[in-house]
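Inspection log for the structure reproduced underneath, given as structure tokens.
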Amino acid sequence: MRAASAVLAAAGVLVALAAALLWTAGSVLLDEDRFTERTIAALRAPEGQAAIAARVTALARVGAPAIVPSGLIGRGADEAVATAVARPGFATAAAPAIRAARRDLLEQPGEPTTIDLGPMRELVGAELARIDPRLLGLLPPAGAAERVQVRVATGVDARGVPIDELSGRAAAATALLALAAAALIALGAALAARPARAAALAGLALLVAAVVPAAVRLALPPLAEARVAPPDDALARRLVREMLGGWVAATAVLAAAGLALLVAGLVSARRRRPPTPRRAG
């Protein structure tokens with residue numbers, strides 16, 4: 001019975017940790033709308049603008065006549081991209097490519113993928129022309145082989161995880177895992193010879209496990225950055241940071257549950273402790 005109790009409690013802690021990791025790394029990636037929103041935010045951030053501007057500059061320089069200074073192209077690309085990504089039309093233009101990139105990331109876990117920003121060519125081209133007429137028409141025409149593309153990665157290797165079944169259901173799956181964890185821990189404590197002590201130990205284990213989502217938040221961005229070559233490496237890091245916002249809630253829930261179990265177990269154990277007999281006068 002003691003062995004069964006320990007196994008059940010340990011399984012409950014592991015299931016709780018799985019729920020926390022699912023919410024940390026999957027709450028955005030497994031939700032198409034949230035992933036699109038966070039990716040657009042990353043592309044609008046300085047890291048995203050720099051990656052896009054580097055590609056625009058490279059494409060513009062290929063077809064630039066000698067009369068267009070190289071420095072003007074670089075400055076024009078930076079300004080054009082900064083203005084274009086801030087426009088409402090940028091999100092609409094980029095969304096289909098972002099959704100396609102998400103599918104690639106889910107089908108090939110851990111591998112980089114490309115976001116084709118060709119649809120925003122008109123936005124950038126219009127800004128280049130506004131900045132300096134000499135920059136007009138430097139970008140390849142729409143549909144050309146040379147396109148504005150950036151590379152991203154997540155650093156998440158989810159082989160063996162039923163991604164298709166979880167896609168769009170991260171919140172429900174996390175809740176079910178949390179309920180299963182609570183049931184396993186409660187059953188394990190009930191079967192223990194000393195339930196209060198078992199509950200306290202499970203609470204301590206949950207407190208230790210609460211460190212894991214924070215560790216994932218620290219570890220994954222550098223992994224994603226290492227998988228992508230410049231000038232997109234900083235963008236990959238930024239995107240993963242945008243994706244892992246759920247680590248705060250995951251850490252807080254694990255820590256709160258662990259602390260509650262630990263305190264309840266210690267208080268219950270103290271109440272059940274037999275009083276120390278007084279020595280006779």
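Being over 30 Å from Ala82 (Cα atoms), within 26 Å of the chain's Cα centre (by Cα), at pLDDT 85 or above and of a type outside the set (Gly, Ala, Ser) is a property that Arg169 has.
With the structure loaded, tell me whether Ile163 is crowded, with 21+ Cβ neighbours inside 10 Å, under 21 Å from the mean Cα position of the chain (by Cα) and not hydroxyl-bearing (Ser, Thr, Tyr) or whether it fails that test.
no
Given the residues Ala53, Ala77, Ala94, which is the only one that is part of a helix (DSSP H, G or I), assigned by TED's automatic domain parsing to the domain that holds Leu117 and within 21 Å of the chain's Cα centre (by Cα)? Selected residue: Ala94, the only one of Ala53, Ala77, Ala94 that is part of a helix (DSSP H, G or I), assigned by TED's automatic domain parsing to the domain that holds Leu117 and within 21 Å of the chain's Cα centre (by Cα). Could you list, in sequence order, all residues of region 243-269 that are in contact (Cβ under 8 Å) with a residue 40 or more places away in the chain and within 30 Å of Pro112 (Cβ to Cβ)? The answer is Met243, Leu244, Gly245, Gly246, Trp247, Ala249, Ala250, Thr251.
Residues are listed down the side, and each one gets a yes or a no for (1) within 15 Å of the chain's Cα centre (by Cα); (2) modelled with pLDDT of 90 or more:
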{"position": "Arg130", "(1), (2)": "no, no"}
{"position": "Pro133", "(1), (2)": "no, no"}
{"position": "Leu176", "(1), (2)": "no, yes"}
{"position": "Ile185", "(1), (2)": "no, yes"}
{"position": "Leu207", "(1), (2)": "no, yes"}
{"position": "Arg217", "(1), (2)": "yes, yes"}
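Could you check, for region 227-242, whether at least one of its residues is more than 14 Å from the chain's Cα centre (by Cα), over 30 Å from Val148 (Cα atoms) and touching a residue at least 12 places away in the same chain (Cβ under 8 Å)?
no
Taking Ala172 as the residue in question, decide whether it is part of a helix (DSSP H, G or I), among the small types (Gly, Ala, Ser) and within 30 Å of Glu107 (Cα to Cα). Yes, satisfied. Select from region 208-233 the residues that are farther than 21 Å from Thr24 by Cβ and either of a type in the set (Asp, Glu) or not assigned by TED's automatic domain parsing to the domain that holds Ser268 (or both) and write down the one among them that is surrounded by the fewest Cβ atoms within 10 Å (Cβ to Cβ). So, considering only residues that are farther than 21 Å from Thr24 by Cβ and either of a type in the set (Asp, Glu) or not assigned by TED's automatic domain parsing to the domain that holds Ser268 (or both), the one surrounded by the fewest Cβ atoms within 10 Å (Cβ to Cβ) is Asp233. Taking the listed residues Thr174, Thr114, Thr92, the one that is of a type in the set (S, T, N, Q) and in contact with a helix residue (DSSP H, G or I) (Cβ under 6 Å, 6 or more places away or on another chain) is Thr174, with no other qualifying. Among Ala189, Ala205, which is touching a residue at least 12 places away in the same chain (Cβ under 8 Å), of a type in the set (Gly, Ala, Ser), over 28 Å from Glu37 (Cβ atoms) and surrounded by fewer than 23 Cβ atoms within 10 Å (Cβ to Cβ)? It is Ala205.
The values are calculated or read from the model by the stated rules, or taken from the named source; none is laboratory data. What you are looking at is a predicted structure, and each value in this text was computed from that prediction instead of being measured. Every residue, glycine among them, receives a Cβ derived from its backbone with ideal geometry; neighbour counts consider all protein chains shown.
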